[in-house]
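Asker: My questions will all concern the structure given below.
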Amino acid sequence: MSTLLLLPGDGIGPEVIEQVRRVAGRIANDLEIEERDFGGFSFDKHGAPITDEAVAKALASDAVLMGAVGGPQWASAPRDKRPEAGLLRLRQDMNVYANLRPALCFDALVASSALKPEIVAGLDIMIVRELTGGVYFGHPRGIETLADGQKRGVDTQVYTTSEIERVSRVAFELARGRKNKVTSCEKSNVMESGLLWREVVTALHARDYADVKLEHMLADNAAMQLVKNPGQFDVIVTDNLFGDILSDEAAMITGGIGLLPSAALGDPGKPGLYEPIHGSAPDIAGQNAANPLAAILSFEMALRWSLGRAELADKLFAAVKTALADGARTRDLGGSLTTGQMGDAVLKAL
């Protein structure tokens, strides 16, 4: 029996994860589902944003699906106890180094994009973000007081050859099943880590993936090109910081950040971590107004990548597409459906 661990977390997390539970009960009722506290909720209850027991349970599961973490009420908590620290620990302990963030535009939502319909119609990009290295994890880091009384903040951007190679392999393998093109993004013009990134990706391509088209693009140019001509991209591979930024930008050009899921994968046979990319949205938490589709599609990715149920993933994706085509819209999409009613629409389509 496959096991799925749910980590609802904070803000709208519990609301959208509840819809995942409903969908899972309909489409894969043989799944063994467990739940643990996470994020600020866990900090308030246990004194830590994720407990050792919850991490152990995650590592023993086939897939982990989280809702969201964070909120203004924990802004003054020690940095290592903040909700986001729990997520960083989970990613690191699970060693999920390749973050897959699809950015696709459903036909029914072409008019919802901030860009012209002819620019976003048919858009289908896969962003592969390195997730366990770079400036979010590099050392030294911290805030220090200088001799003259000023303060100085330090974050270190650092990558090794192996870290770059393993995430780039994921990108090249994905491209082979798509349009066979990878765009590698960095800042090799001003950053030593970016120069190493370009050198390693170039060497790996020549050695093992010469059949895949490779292009290099500076990350700031990629940000511009995403809104100018997003259709030129197939698979984008980039580091942790730039991947964080570019994937959120790509989310908005598809029509709404409440629609897009993500998968964080490690070595074969290890559990994957799945999450909607919309965050905790504290301004609408508890209002039953959040769009659950990103969470539901994150479950779809879990079915496909970790649970070995590709046929069920296809059915669930088709159901989401049908619900949108039939006019189902939550408030963020210009409609009036509640979180639960959008879940109802997907269940009806199933």
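Asker: Once neighbouring chains are kept in place and the probe is 1.4 Å, which whole percent of the accessible area of segment 127-235 is contributed by carbon and sulfur?
Answerer: The C+S portion of the solvent-accessible surface of segment 127-235 is 54 percent.
Asker: Also: Between A147 and L347, what FRET efficiency comes out of the Förster formula 1/(1 + (r/R0)^6) with R0 = 45 Å and r the beta carbon distance, rounded to 0.05?
Answerer: Calculated transfer efficiency: 0.10.
Asker: Determine the gain in length on full extension of the stretch A318-M191; use 0.36 nm per residue of separation and subtract their C-alpha separation, reporting nm with one decimal.
Answerer: Separation in residues times 0.36 nm, less the Cα-Cα distance, equals 41.4 nm.
Asker: Quick one: accessible area per residue over the chain, 1.4 Å probe, rounded to a whole number of Å²?
Answerer: 42 Å²
Asker: A follow-up question, please. Can you list the residues of segment 222-252 with backbone N under 18 Å from a point 7 Å past the Cα of A310, pointing along Cα to Cβ?
Answerer: Residues passing the 18 Å test: none.
Asker: Assuming R0 = 25 Å, can you tell me the calculated FRET efficiency for the pair H139 and A203, based on Cβ-Cβ distance, to the nearest 0.05?
Answerer: Computed FRET efficiency for H139 and A203 comes out at 0.40.
Asker: How far apart, in nm, are two points set 7 Å out from the Cα along the Cα-to-Cβ line at S336 and at R26?
Answerer: Output for this residue pair reads 2.3 nm.
Asker: In the chain, how many lysine pairs have Cα atoms under 25 Å apart, counting only pairs 8 or more places apart or on different chains?
Answerer: Qualifying lysine pairs in the chain: 22.
Asker: Okay, moving on. G255's amide H: which non-local residues (gap 5+, or another chain) put their own amide H closer than 5 Å, with H modeled 1.01 Å from N in plane and none for Pro or chain starts?
Answerer: A114
Asker: Here is a follow-up. Suppose we take every Cα in segment 243-350 and form the convex hull; what volume per residue is that in Å³?
Answerer: So the per-residue Cα hull volume is 107 Å³.
Asker: Once the chain is represented by equal point scatterers at the alpha-carbon sites, with solvent omitted, what log10 I(q)/I(0) does the Debye formula produce at q = 0.09, 0.10, 0.15 Å⁻¹?
Answerer: Log10 of I(q)/I(0), two decimals: -0.48, -0.60, -1.37.
Asker: Which whole-Hz ³J(HN,Hα) couplings does segment 343-349 yield from phi under the Karplus relation 6.51 cos²θ - 1.76 cosθ + 1.60, θ = phi - 60°, glycine and proline marked x?
Answerer: Listing the rounded values in order: x, 4, 5, 5, 4, 4, 5 Hz.
Asker: Let me ask something additional. Could you check the spin-label model distance between D155 and K228? Points 7 Å from the Cα along Cα→Cβ, value in nm.
Answerer: Roughly 2.6 nm, to one decimal.
Asker: Decide, for segment 67-207, between rounded, prolate and oblate: order the square roots of the alpha carbon gyration tensor eigenvalues as a ≥ b ≥ c, take rounded if a/c falls under 1.5, and otherwise choose prolate if a/b is larger than b/c, else oblate.
Answerer: Oblate, because a/c is 1.5 or more while a/b does not exceed b/c.
Asker: What part of the accessible area of segment 255-350, given as a whole %, is carbon or sulfur when the probe is 1.4 angstrom? Kindly include the intermediate steps, with their values, before the conclusion.
Answerer: On the way: 1820 of 3610 Å².
Carbon plus sulfur share of accessible area: 50 percent.
Asker: Taking only DSSP H segments of four or more residues, each worth -39500 (n - 2.57), what value at 222 nm results for the chain once the sum is divided by all its residues, to the nearest 500 deg cm²/dmol?
Answerer: Calculated from helices alone, the mean residue ellipticity at 222 nm is -13000 deg cm²/dmol.
Asker: For a paramagnetic label modelled at 7 Å from the Cα of E249 toward its Cβ, which residues of segment 266-290 fall within the zone defined by backbone nitrogen distances under 20 Å?
Answerer: 277-279
Asker: Work out the FRET efficiency for A75 and K45 from their Cβ-Cβ distance, taking R0 = 22 Å, and round it to the nearest 0.05.
Answerer: The value I calculate is 0.75.
Asker: If you add up the charges near A281, with Lys and Arg at +1 and Asp and Glu at -1, over every other residue whose beta carbon is less than 12 angstrom from its beta carbon, what do you get?
Answerer: -3
The values are calculated or read from the model by the stated rules, or taken from the named source; none is laboratory data. Note that the coordinates shown come from a computational prediction; the quantities given were computed from them, not determined experimentally. Cβ atoms come from the backbone with ideal geometry, glycine included; neighbour counts cover every protein chain shown. What goes into the accessible areas is simple: the full protein's heavy atoms, side chains included, and nothing from ligands, DNA or RNA. Shrake-Rupley method; radii C 1.70, N 1.55, O 1.52, S 1.80 Å.
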